[in-house]
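J.: Pasting a structure here, questions to come.
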Amino acid sequence: MQEMWKTFFTSGPFIPHGHCYLWHTPLVWLHLTSDSIIALAYFSIPITLVYFISKREDLPFNWIFALFGAFIVACGITHIFELWTLWHPNYWLSGTMKAITALISFATAILLVDLMPQALALPSPAQLESANRLLEAEIVDRQLAEAALKIAKEELEIRVEERTAELKTQAQHLALANRLLEAEIVDRQLAEAALKKAKEELEIRVQERTAELKSQTQQLEQALSELKQAQSKLIPSEKMSSLGQLVAGVAHEINNPINFIYANVTHAREYADSLLELVNIYQKQYPNPLPTLKEKLQSVDLDFIIYDLPKILISMKNGAERILGIVKSLRVFSRHDEADMKLADVHEGIDSTLMILQSRLNAKPGLANIQVIKQYGNLPRIECYPGQLNQVFMNILANAIDALEEDSHSESIAANEADSRLIKISTQLSDSELVEIRISNNGPEIIESVKNQLFNPFFTTKPVGKGTGLGLSIGYQIITIRHKGELQCISAPGKGAEFIIQIPISLQ
């Protein structure tokens with residue numbers, strides 16, 4: 001493995017690109033200047049996108065701009081490598097950067113196509129503004145109508161009072177005036193009834209319009225909420241699907257050659273032992289070899305070969321066994337062909353996840369290794385979605401490692417070497433129907449305000465660019481919705497944090 005990485009970061013037998021240009025100075029300067037200007041342009045564009053996102057927080061698809069920025073930065077880095085390989089032929093590293101750029105560009109293209117129908121379905125600001133204008137006009141009409149009714153009523157009361165006074169003064173003289181007064185009273189009653197009816201109809205109309213606008217507002221809020229949920233699910237689901245296919249493909253391709261190497265190392269050792277035994281017998285039978293043969297034996301240092309060859313073969317066998325373990329863990333973790341519900345071993349999923357994270361658990365300069373304590377109970381195979389459950393384990397364990405590393409960086413190197421960093425994993429049957437999985441660490445405490453938002457989409461306490469705020473949110477949905485279980489976090493000062501997963505043995 002170390003030899004592979006050394007080959008990856010070294011130039012090997014390759015020649016720099018400058019030899020292709022015959023180190024012709026104008027041609028070299030032409031490529032140097034062009035790639036430098038292109039790289040500067042690529043690095044300046046993401047700065048503009050970040051500034052645009054920071055100023056337009058109301059945009060619902062900010063993440064697509066960030067993805068475009070990542071794609072452009074990756075393109076800029078490929079041009080930097082073009083400059084580097086003029087003098088340093090690190091073509092494996094340069095090619096890997098191009099592959100990463102291709103993956104980012106391909107993912108951006110797919111996500112942009114899937115996002116387009118949702119973006120087109122959003123109501124435009126002009127539509128919302130038009131609805132607000134209609135509501136304001138309706139309210140103004142109602143106010144004008146109420147004012148007009150009030151004025152008409154006041155005028156009618158004044159008119160009735162004046163007419164009543166006039167009729168009272170003439171009642172004893174004019175019988176006709178009585179009939180006119182009675183007719184006037186009937187007119188007043190009819191007018192009041194008409195006014196009352198008109199007022200009731202207007203109130204009903206206003207109530208109906210208000211209810212209609214309220215319903216439209218609720219529909220818009222629901223659509224926005226569904227859109228946010230779709231956004232929070234789209235990135236990690238596509239990412240994990242692509243990652244699972246990639247990991248499974250790599251594991252499958254590595255599995256056959258490593259099995260071939262592992263199977264033949266034993267035979268090679270047997271053949272080497274036979275050859276060394278044959279050489280030993282030859283030396284005993286012919287203690288005085290010919291001068292030419294004696295000179296050759298001295299030049300190849302036969303004693304060292306006899307001593308070192310068995311050790312080399314043993315190391316090759318141990319390395320092959322290690323690679324077989326990693327390949328098995330990758331295939332168990334990815335489970336890209338197991339999207340349906342099936343019976344699975346929880347402990348096998350946890351162990352495969354730990355195998356993948358092993359490099360992050362090892363000791364680093366100034367930091368002790370992270371010890372993993374496993375206390376597995378006697379669990380049956382449970383009915384679940386294995387790939388999604390492994391994703392939950394990966395997110396929780398990766399966050400635990402991040403918390404321990406962040407806590408270690410805040411302390412002195414001497415204290416880090418003295419204090420042990422622990423992750424504890426325990427499983428048990430809480431009753432006959434539920435499996436309980438506890439993952440805890442002795443890192444810093446999670447304060448109450450953070451714990452209340454821990455499973456909210458896009459909430460993160462990590463620096464910009466390191467966390468998306470989707471891992472625990474998606475994990476919570478996988479446990480509570482897909483597996484009908486519970487996921488909770490408890491934390492106390494001096495005791496780190498603990499995540500408790502409870503899922504039923506059967507989902508039927």
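J.: Report, by residue number, each residue of region 28-69 that is closer than 25 Å to Trp84 by Cβ, open to solvent by 60 Å² or more (accessible area, probe 1.4 Å) and among the aliphatic types (A, V, I, L, M).
T.: Residues satisfying the conditions are Leu30, Ile37, Ile38, Leu40, Ile45, Ile47.
J.: Which one of these does Ala119 not meet: (1) modelled with pLDDT under 80; (2) touching an Asp or Glu at 6+ places or on another chain (Cβ under 6 Å)?
T.: Unmet for Ala119, out of (1) modelled with pLDDT under 80; (2) touching an Asp or Glu at 6+ places or on another chain (Cβ under 6 Å): (2).
J.: Still on this structure, please answer the following. Hey, among the residues in region 476-489 that are open to solvent by 30 Å² or more (accessible area, probe 1.4 Å) and in contact with a Leu (Cβ under 7 Å, 6 or more places away or on another chain), which one's nearest to Ile423 (Cα to Cα)?
T.: Keep residues of region 476-489 that are open to solvent by 30 Å² or more (accessible area, probe 1.4 Å), which gives 476-477, 480-482, 484, 486, 488.
Filter once more, keeping what is in contact with a Leu (Cβ under 7 Å, 6 or more places away or on another chain): 476, 480, 484.
Values: Tyr476: 20, Thr480: 24, Lys484: 26 Å.
My answer is Tyr476.
J.: Could you say whether any residue in region 75-82 is among the aliphatic types (A, V, I, L, M), open to solvent by less than 70 Å² (accessible area, probe 1.4 Å) and within 25 Å of Ile110 (Cβ to Cβ)?
T.: yes
J.: Out of Glu226, Glu203, I need the residue that is loosely packed, with under 15 Cβ neighbours inside 10 Å, at pLDDT 75 or above and farther than 25 Å from Thr353 by Cβ. Which one? Explain how you work it out, then say what you get.
T.: On the way: Glu226 fails: at pLDDT 75 or above.
Going through Glu226, Glu203 in turn, the sole match is Glu203.
J.: A follow-up question, please. Filter region 43-68 down to the residues that are more than 16 Å from Leu115 (Cβ to Cβ) and out of contact with any Gly (no Cβ under 8 Å at 6 or more places or on another chain) and list them by number.
T.: Across region 43-68, the qualifying residues are Ser44, Ile47, Thr48, Tyr51, Phe52, Ser54, Lys55, Arg56, Glu57, Asp58.
J.: Go through region 46-86 and give me each residue that's over 30 Å from Trp23 (Cα atoms) and either in contact with a strand residue (DSSP E or B) (Cβ under 9 Å, 6 or more places away or on another chain) or in a loop (DSSP other than H, G, I, E, B) (or both).
T.: Those that are over 30 Å from Trp23 (Cα atoms) and either in contact with a strand residue (DSSP E or B) (Cβ under 9 Å, 6 or more places away or on another chain) or in a loop (DSSP other than H, G, I, E, B) (or both): Arg56, Glu57, Asp58, Leu59, Pro60, Phe61.
J.: Spot the failing condition for Val160; the list is (1) surrounded by 13 or more Cβ atoms within 10 Å (Cβ to Cβ); (2) within 30 Å of Leu213 (Cα to Cα), and only one is missed.
T.: Result: Val160 fails condition (2) only.
J.: May I ask you to list the residues in region 299-322 that are small (Gly, Ala, Ser) and open to solvent by 80 Å² or more (accessible area, probe 1.4 Å)? Spell out how you get there, then give the answer.
T.: Kept after step one, since they are small (Gly, Ala, Ser), are these residues of region 299-322: 299, 315, 319-320.
Within region 299-322, just Ser299 meets the criteria.
J.: Listed residues Lys328, Lys284, Lys296; which is open to solvent by 90 Å² or more (accessible area, probe 1.4 Å) and modelled with pLDDT under 70? Walk me through how you get there before you give the answer.
T.: On the way: Lys284 fails: modelled with pLDDT under 70; Lys296 fails: modelled with pLDDT under 70.
Checking each option against the conditions leaves just Lys328.
J.: If you don't mind, another one. Given the conditions (1) modelled with pLDDT of 80 or more; (2) farther than 25 Å from Leu213 by Cα, and given that Ala147 satisfies all but one, which numbered condition is not satisfied?
T.: Ala147 satisfies every listed condition except (2).
J.: Six or more apart or on different chains, Cβ atoms under 7 Å: show the pairs whose first residue is in region 473-490 and closer than 18 Å to Ser440 by Cα and whose second is open to solvent by 70 Å² or more (accessible area, probe 1.4 Å) and among the aromatic types (Phe, Trp, Tyr).
T.: Listed pairs, sorted by first residue: Leu487/Tyr476.
J.: Now a separate question. Give me the pairs, please: first residue somewhere in region 48-59 and within 17 Å of Val73 (Cβ to Cβ), second residue anywhere and modelled with pLDDT under 75 and part of a loop (DSSP other than H, G, I, E, B), beta-carbon distance under 8 Å, and either six or more positions apart or on two chains.
T.: Every condition considered, the pairs that remain are Ile53/Leu59.
J.: From the list Glu138, Glu155, exactly one residue is free of Cβ contacts under 8 Å to residues at least 60 places away in the same chain, of a type in the set (D, E, K, R) and on the phi < 0 side of the Ramachandran plot. Which is it? Walk me through how you get there before you give the answer.
T.: Numbers: Glu138 fails: free of Cβ contacts under 8 Å to residues at least 60 places away in the same chain.
Checking each option against the conditions leaves just Glu155.
J.: Still on this structure: All but one of (1) loosely packed, with under 14 Cβ neighbours inside 10 Å; (2) hydrophobic (A, V, I, L, M, F, W, C); (3) at pLDDT 85 or above hold for Ala492; which doesn't?
T.: Ala492 satisfies every listed condition except (3).
The values are calculated or read from the model by the stated rules, or taken from the named source; none is laboratory data. Just so it is clear, the model here is predicted, and its values are computed rather than measured. All Cβ positions, glycine included, derive from the backbone under ideal geometry; neighbour counts span all protein chains shown. Areas reflect the complete protein model, heavy atoms only, side chains present, ligands, DNA and RNA absent. Shrake-Rupley method; radii C 1.70, N 1.55, O 1.52, S 1.80 Å.
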